[in-house]
Amino acid sequence: MINVTLYYRQGDVECQKVIGYLEDIANRIPHNLVLIDIDANEDLKYRFMNDVPVVRVGPYMLHHSMTQQDLEVALGAARDRAGRLEEIGDKRYLERVDRGQKFSAIDNFAFWLSRHYLAVFNFILFLYVGLPFAAPTLMKANLAAPAKVIYTIYSPFCHQLAFRSFFLFGEQPYYPRALAGMNVTSYEVVMGLNPVANEKTDAFILDAREFLGNASVGYKLAICERDIAMYGSLLLFGLIFAISGKRIKQVPWFLWLIIGVLPIAIDGFSQLPGMLSGLPAFLPNRESTPFLRVLTGGLFGFFTAWFLYPLIEANMKETRSIFTSKAATISQAQARN
């Protein structure tokens, strides 16, 4: 016997009319009617608020204004289709029917993740942003071995250049290249190099990656200034989004591109002539400052989260509504049995 799912609202005239239609059709096309009140679940309300009554039967779905004839045609088509597939023993159809009658371990995990994905994301980001601070703290405590494990773990994900990283427990919070033009002790001075040489050699880059710091200048974080700002702002928006009840609307894509992507692209790519040899001489050598790296990284992370998280939530609402419907179908089927 086919299952017919009706999404309805109590007291709605159209919904009561459709229930009457289905009760009459049951005399000619027997079916199991599953009634789901969308007001009992926020995700279902979000999905069907402007469409109820909604009838789902097999692969067919009818929305709002429907006649008894529309329903009878849909139920008849679903019954005939199910009969043909059962008769030929269609494996995929039988598997779908079987999956629809029970919650698997995968279903339970997917349903749990659809409800708690934001907490998972925020926790992962908290660890990802927080662990780099542990590396210099361990170095300061003379625990170099575990600190170097952290630096090694993050090495594939960040350039870890000392002149583009924050330092803890030292004379300054950063030691930029002299090319940045800041009135602070430069990286070249720390390393005993010529501040005006503007080195671009592989050895210069490798040394900057490997330099962790010392007792005088402090110890660098395990990821660079821009990454700290980027992932930190992802976490910040994630927390704001959670506090808002996930109700913040998606930022328009063009604002994400203009405010989030464009500044970091300009700031990042404009530094290439100052890092790479063999480029045309007319390209100006430039090195960004910690402030600009934090600003552009923060804007990119915050606006990227603002663009993606509402989109993810919309998809998760869809997933939750599917599993809620499935749970109601199974529950009502068990009650009939």
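The values are calculated or read from the model by the stated rules, or taken from the named source; none is laboratory data. Since the model is a prediction, treat every value here as computed from it, not as a measurement. With ideal geometry, Cβ positions are generated from the backbone for all residues, glycine too; neighbour counts draw on all protein chains shown.
Data table
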{"quantity": "Boolean, Phe163 is at positive phi and within 35 Å of the chain's Cα centre (by Cα)", "calculated": "no"}
{"quantity": "Output for region 8-37, where each listed residue is assigned to a strand (DSSP E or B) and out of contact with any Pro (no Cβ under 7 Å at 6 or more places or on another chain)", "calculated": "His31, Asn32, Leu33, Val34, Leu35, Ile36, Asp37"}
{"quantity": "Selected residue [out of contact with any Lys or Arg (no Cβ under 8 Å at 6 or more places or on another chain), in the same structural domain as Pro132 (by TED's automatic domain parsing), β-branched (Val, Ile, Thr) and on the phi < 0 side of the Ramachandran plot] from Ile205, Ile266", "calculated": "Ile205"}
{"quantity": "Residues that are surrounded by fewer than 16 Cβ atoms within 10 Å (Cβ to Cβ) and of a type outside the set (Lys, Arg), drawn from region 235-247", "calculated": "Leu239, Ile240, Ala242, Ile243, Ser244, Gly245"}
{"quantity": "Qualifying residue in region 276-299 (condition: farther than 30 Å from Asp202 by Cα, of a type in the set (Ser, Thr, Tyr) and outside any helix (DSSP H, G or I))", "calculated": "no"}
{"quantity": "Any hit, region 77-91, residues being part of a helix (DSSP H, G or I) and modelled with pLDDT of 90 or more", "calculated": "yes"}
{"quantity": "Test result for Phe204, surrounded by 15 or more Cβ atoms within 10 Å (Cβ to Cβ) and in a strand (DSSP E or B)", "calculated": "no"}
{"quantity": "Single residue of Ser288, Ser325 found to be within 30 Å of Val55 (Cα to Cα), in contact (Cβ under 8 Å) with a residue 12 or more places away in the chain and either assigned by TED's automatic domain parsing to the domain that holds Met182 or among the polar types (S, T, N, Q) (or both)", "calculated": "Ser325"}
{"quantity": "Out of Leu94, Leu71, sole residue that is over 22 Å from the mean Cα position of the chain (by Cα), of a type outside the set (Val, Ile, Thr), closer than 22 Å to Ile322 by Cα and at pLDDT 90 or above", "calculated": "Leu71"}
{"quantity": "Residues of region 43-94 classified as out of contact with any Ser or Thr (no Cβ under 7 Å at 6 or more places or on another chain) and either among the basic types (Lys, Arg) or outside the structural domain of Tyr7 (by TED's automatic domain parsing) (or both), total", "calculated": "6"}
{"quantity": "Options Val129, Val196, Val184: the member that is hydrophobic (A, V, I, L, M, F, W, C) and in a helix (DSSP H, G or I)", "calculated": "Val129"}
{"quantity": "Residue among Leu113, Leu161, Leu179 that is farther than 17 Å from Ile228 by Cβ and surrounded by 15 or more Cβ atoms within 10 Å (Cβ to Cβ)", "calculated": "Leu179"}
{"quantity": "Test set (1) in contact (Cβ under 8 Å) with a residue 60 or more places away in the chain; (2) touching a Ser or Thr at 6+ places or on another chain (Cβ under 8 Å); (3) part of a helix (DSSP H, G or I) - Trp256 fails condition number", "calculated": "(1)"}
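Table: residues versus (1) closer than 30 Å to Ile36 by Cβ; (2) in contact with a Gly (Cβ under 8 Å, 6 or more places away or on another chain); (3) at pLDDT below 95; (4) crowded, with 17+ Cβ neighbours inside 10 Å.
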site: Leu221; (1), (2), (3), (4): no, no, no, yes
site: Cys224; (1), (2), (3), (4): no, no, no, yes
site: Met230; (1), (2), (3), (4): no, yes, no, yes
site: Leu262; (1), (2), (3), (4): no, no, no, no
site: Phe303; (1), (2), (3), (4): no, yes, no, yes
site: Ser325; (1), (2), (3), (4): yes, no, yes, yes
